[in-house]
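Please read the structure below before turning to the comments.
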Amino acid sequence: MSAWLQSSLAVGLWLTLVAHLPAQEEDARALVEKAVKAQGGLEKLSQKVAAQRKTKGVFHADKFSFTGESWSDVGGQRSKIILQGERDGRFTTVGLVIENGKGFRIIDGQKYDLDPEYLDRLEKARYADKVSSLVTLLRDKGYKLSTLGEMQVKDAPALGVKVVKEGQPDIHLYFDKKSGLLVKSANKAKDFDSKEEVLQEVYYSNYQWFSPLAEDEKTLRAAKLETTGDALLKALRQRMPTAEELGKLYPLIEKLGHRVFSVRQNASAELAHWGAKAIPLLREALHHKDNEVVRRAGKLLEQIGQSPDVPLVSALLRLTTARRPAGAAAALLEYLPYTPEESVSKLVLEALAANAVREGKIEKVVVQALQDKSAKVRAAAEAVLGKDGGAFDKQAWRPALVDGVLLSRTCHLFRAGQPQMDLETLEVHYYNRLDNSVFARP
């Protein structure tokens, strides 16, 4: 692994790891405020979430084209990058792990602890990245902002802001004059080989909206469903069997073990047609005394679990989590026993957690669910009320609701005027926190 590639890992790639998008002083602050507003607003960009990203890019000096994955935990104290690609005709894996001021490199499976000098460069790189996320400039103290005037960035006029903080390198930020978006950052960084300070510049482009809920709304509209709060709960309830429907479903379960093959086949076909509404009965049937009933119930559960209704229900639940319509807690508890698969059950639990408290008070229906006849419903109520010993609250990889933020998907890194790295973000996922195993030593 070349010295240049090590240096780029220590500086350039941290651009992808921060979960927060985050007179002269007043004018400079106004430019930052405009940029933050253009990206979705301070409240959305300040959410304390963990991030997982998939990327692709190239290190020009090493001619190393790679695909990568990166993780950053809440607060940015724990970060990890893994890159894979071909270099000099050989497949190579390289990476960095940082946790609470310490860390190690990974080169083709071998671990190397980072020395103090390397860690110092990483911390300066992470500081530059933190400033470029902008949120800290509006939320935290200790920064001095001043304007730098107008200049051209990629043939478009941009307005500059100088950021000064004691003990840290000065950072210059440049915002597109028309859109207000950050298009360039610049600071002095020590070259890995010469040990001399050189100008490092990062150009940001290809801004795209990260709006999962917009996609969910699109999914519902394609199914000719409304997206208002009441409509969401109505659609959920339509996926639960009524008492009359249960009266039709129970006999079909018994026919799965009928001595006549055609009767068994017809019963399977009818149950499959019922879809998600048949799921609770089929789950019960997995414990039936008749092996044929058990076998057919298992096959039907697999078949129904692959139903196109799953993406639709998932969209309903994510929108219910975000919109918190009145009566949501009751509807979610009613629906929980009828979820088509475990991934949907998890979304119900997340939605219930978001809707368990209204106007500062716990919903009575959630407390009452602690005594429900369904073990699944009781467990859900215990989880969102913290009566599970805190297991649900501490559980990692729970999806975090981040929506309506504008993110730069592409950046280009230059040192001393020479192109060093191109990086494109392919996917972004947000969570409440990451599991410790992500940062474990190999």
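Being modelled with pLDDT of 95 or more, of a type in the set (Gly, Ala, Ser) and under 20 Å from Ala379 (Cβ atoms): is that true of Ala328 here?
So Ala328 passes the test.
Residue by residue, here is whether (1) of a type in the set (Asp, Glu); (2) under 26 Å from the mean Cα position of the chain (by Cα); (3) over 30 Å from Asp27 (Cβ atoms) holds:
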| position | (1), (2), (3) |
| --- | --- |
| Val198 | no, no, no |
| Glu201 | yes, no, no |
| Ser205 | no, yes, no |
| Ala214 | no, yes, yes |
| Glu226 | yes, yes, yes |
| Arg237 | no, no, yes |
| Leu249 | no, no, yes |
| Val263 | no, no, yes |
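Only one entry of Asp388, Asp393 meets the criterion of being part of a loop (DSSP other than H, G, I, E, B) and of a type in the set (Asp, Glu), and that entry is Asp388. Set side by side, the residues Lys224, Lys255 differ, and just one is charged (D, E, K, R) and on the phi > 0 side of the Ramachandran plot, which is Lys224. Within segment 74-125, being of a type in the set (Ser, Thr, Tyr) and either modelled with pLDDT of 90 or more or in contact with a strand residue (DSSP E or B) (Cβ under 7 Å, 6 or more places away or on another chain) (or both) holds for Ser79, Thr92, Thr93, Tyr112. Residue pairs whose Cβ atoms lie under 9 Å apart, sitting 6 or more positions apart in sequence or on different chains, and linking a residue in segment 414-442 that is surrounded by fewer than 11 Cβ atoms within 10 Å (Cβ to Cβ) to a partner that is hydroxyl-bearing (Ser, Thr, Tyr), are Glu427/Thr55.
Just to be sure before I move on: is Ala322 modelled with pLDDT under 95, hydrophobic (A, V, I, L, M, F, W, C), surrounded by fewer than 19 Cβ atoms within 10 Å (Cβ to Cβ) and assigned to a helix (DSSP H, G or I) in the structure I sent? When the stated conditions are applied, Ala322 passes them. For beta carbons closer than 6 Å, sequence separation of 6+ or different chains, a first residue in segment 82-98 that is crowded, with 20+ Cβ neighbours inside 10 Å and a second that is of a type in the set (D, E, K, R), the qualifying pairs are Leu96/Arg105; Val97/Lys80. Being over 30 Å from the mean Cα position of the chain (by Cα) and hydrophobic (A, V, I, L, M, F, W, C) holds for only one residue in Leu148, Leu182, Leu137, and it is Leu148. So in segment 370-385, with the set limited to residues that are in a loop (DSSP other than H, G, I, E, B) and out of contact with any Lys or Arg (no Cβ under 9 Å at 6 or more places or on another chain), which one is surrounded by the fewest Cβ atoms within 10 Å (Cβ to Cβ)? The residue in question is Lys373.
The values are calculated or read from the model by the stated rules, or taken from the named source; none is laboratory data. Model, not experiment: these values are computed from the prediction. Reconstructed Cβ throughout: ideal geometry from the backbone, glycine too, with neighbour counts over all protein chains shown.
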